[in-house]
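S.K.: One structure coming up, written as structure tokens, with questions to follow.
The values are calculated or read from the model by the stated rules, or taken from the named source; none is laboratory data. Because the structure is predicted, anything quoted here is derived from the model rather than measured. Cβ atoms come from the backbone with ideal geometry, glycine included; neighbour counts cover every protein chain shown. The area values use the complete protein model at the heavy-atom level, side chains included, leaving out ligands, DNA and RNA. Shrake-Rupley method; radii C 1.70, N 1.55, O 1.52, S 1.80 Å.
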Amino acid sequence: KQEVTQIPAALSVPEGENLVLNCSFTDSAIYNLQWFRQDPGKGLTSLLLIQSSQREQTSGRLNASLDKSSGRSTLYIAASQPGDSATYLCAVGPNAGNNRKLIWGLGTSLAVNP
Amino acid sequence: NAGVMQNPRHLVRRRGQEARLRCSPMKGHSHVYWYRQLPEEGLKFMVYLQKENIIDESGMPKERFSAEFPKEGPSILRIQQVVRGDSAAYFCASSPPAGPLTGEQYFGPGTRLTVT
């Protein structure tokens with residue numbers, strides 16, 4: 001059974017720092033991995049989608065890497081800003097036919113202090 | 001192209017009442033997923049539907065919960081005889097016919113259900 005773990009659960013950093021959020025999964029037979037952002041009381045914003053055949057994806061100040069064999073993904077945020085404060089969620093799409101239901105970590109709550 | 005729409009955004013029900021949550025997928029999308037986020041817990045898959053078909057309902061509670069995605073109209077998640085433990089945020093996601101192969105899901109803003 002696939003399990004997704006995110007470390008740390010919470011992180012507080014001063015503005016401008018580069019930071020890394022970690023996601024690990026127990027079953028390496030995944031189809032893809034997605035990183036989302038969730039603001040308090042709000043919906044989910046997709047940040048990056050990495051297919052299982054890919055090693056990384058980049059969007060602006062965000063870079064996500066995937067090491068399928070070791071069951072790990074990292075989300076790197078460069079030059080953090082107060083507007084980056086949110087909960088970051090990692091979700092794995094299992095390799096199960098055409099059903100791409102996502103399995104989620106509990107998230108990392110990030111606070112970037114001005 | 002409007003995104004995934006969910007309504008209502010907030011829903012308050014008393015114990016024992018019925019809750020109906022609606023999800024209109026993005027235009028051209030024929031696959032809908034429902035997820036539930038309980039307070040202080042992660043998101044959990046509930047059900048995956050295509051038009052007029054339930055593909056996977058392995059995450060649905062055995063009783064009181066049902067979902068449909070008719071040929072016309074939005075997908076409906078229905079909770080009968082709600083209890084306090086049903087209070088949560090319910091998110092809907094949709095994907096295009098190619099979606100299951102690329103895995104990309106687009107999420108709505110969620111419906112926050114409060115049972116009093």
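S.K.: Say whether the condition of being open to solvent by less than 20 Å² (accessible area, probe 1.4 Å), part of a strand (DSSP E or B) and more than 14 Å from chain A (Cβ to nearest Cβ) is met by at least one residue in the stretch B:40-50. Talk me through it step by step, then tell me what you get.
M.R.: Step one: of the stretch B:40-50, the residues open to solvent by less than 20 Å² (accessible area, probe 1.4 Å) are B:42-43, B:46-49.
Still in the running and part of a strand (DSSP E or B): B:43, B:46-49.
Filter once more, so that each one left must be more than 14 Å from chain A (Cβ to nearest Cβ): none.
No, the stretch B:40-50 contains no residue that is open to solvent by less than 20 Å² (accessible area, probe 1.4 Å), part of a strand (DSSP E or B) and more than 14 Å from chain A (Cβ to nearest Cβ).
S.K.: Let me ask something additional. Conditions: (1) buried (at least 16 other Cβ atoms within 10 Å of the Cβ); (2) closer than 15 Å to A:V4 by Cβ. A:D67 meets all but one. Number of the miss?
M.R.: Among (1) buried (at least 16 other Cβ atoms within 10 Å of the Cβ); (2) closer than 15 Å to A:V4 by Cβ, A:D67 violates only (1).
S.K.: Of all residues in the stretch B:64-116, count the ones that are open to solvent by 50 Å² or more (accessible area, probe 1.4 Å), assigned to a loop (DSSP other than H, G, I, E, B) and at pLDDT below 95.
M.R.: Within the stretch B:64-116, the first condition is being open to solvent by 50 Å² or more (accessible area, probe 1.4 Å), and the residues that meet it are B:64, B:68, B:71-72, B:78, B:80-81, B:83-85, B:97-98, B:101-102, B:104, B:106, B:114, B:116.
Right, trim to assigned to a loop (DSSP other than H, G, I, E, B) and you get B:64, B:71-72, B:80-81, B:83, B:97-98, B:104, B:116.
So of that shortlist, the ones also at pLDDT below 95 come out as B:71-72, B:97-98, B:104.
Matching residues across the stretch B:64-116 total 5.
S.K.: In the stretch A:1-106, which strands (runs of 3 or more DSSP E) lie fully inside it and hold 3 or more residues that are within 27 Å of B:D56 (Cα to Cα), touching a residue at least 60 places away in the same chain (Cβ under 8 Å) and within 14 Å of chain B (Cβ to nearest Cβ)?
M.R.: It comes to A:4-7, A:30-38, A:86-94.
S.K.: Another question, then. Between a residue in the stretch B:22-39 that is within 13 Å of chain A (Cβ to nearest Cβ) and any residue that is buried (at least 17 other Cβ atoms within 10 Å of the Cβ) and acidic (D, E), which pairs come within a Cβ distance under 8 Å, given they are 6 or more apart or on different chains?
M.R.: none
S.K.: Could I ask something else about it? Tell me which residues, restricted to the stretch B:51-60, are crowded, with 16+ Cβ neighbours inside 10 Å and not in a strand (DSSP E or B).
M.R.: In the first step, residues of the stretch B:51-60 are kept if they are crowded, with 16+ Cβ neighbours inside 10 Å; the result is B:55-57, B:59-60.
If the condition is that a residue be crowded, with 16+ Cβ neighbours inside 10 Å and not in a strand (DSSP E or B), then B:E57, B:G59, B:M60 are the ones that fit.
S.K.: Name the residues in the stretch A:82-114 that are charged (D, E, K, R) and either on the phi > 0 side of the Ramachandran plot or modelled with pLDDT of 95 or more (or both), would you?
M.R.: The first filter runs over the stretch A:82-114 and keeps only residues charged (D, E, K, R), leaving A:84, A:100-101.
Once the filter is applied, which keeps residues that are charged (D, E, K, R) and either on the phi > 0 side of the Ramachandran plot or modelled with pLDDT of 95 or more (or both), the stretch A:82-114 yields only A:D84.
S.K.: Working only within the stretch B:11-39, note down all residues that are within 23 Å of A:G107 (Cα to Cα) and open to solvent by 60 Å² or more (accessible area, probe 1.4 Å).
M.R.: B:P39
S.K.: Let me ask you something else. For the stretch A:10-24, enumerate the residues that are buried (at least 16 other Cβ atoms within 10 Å of the Cβ) and under 19 Å from A:Q34 (Cα atoms).
M.R.: A:L19, A:L21, A:C23, A:S24
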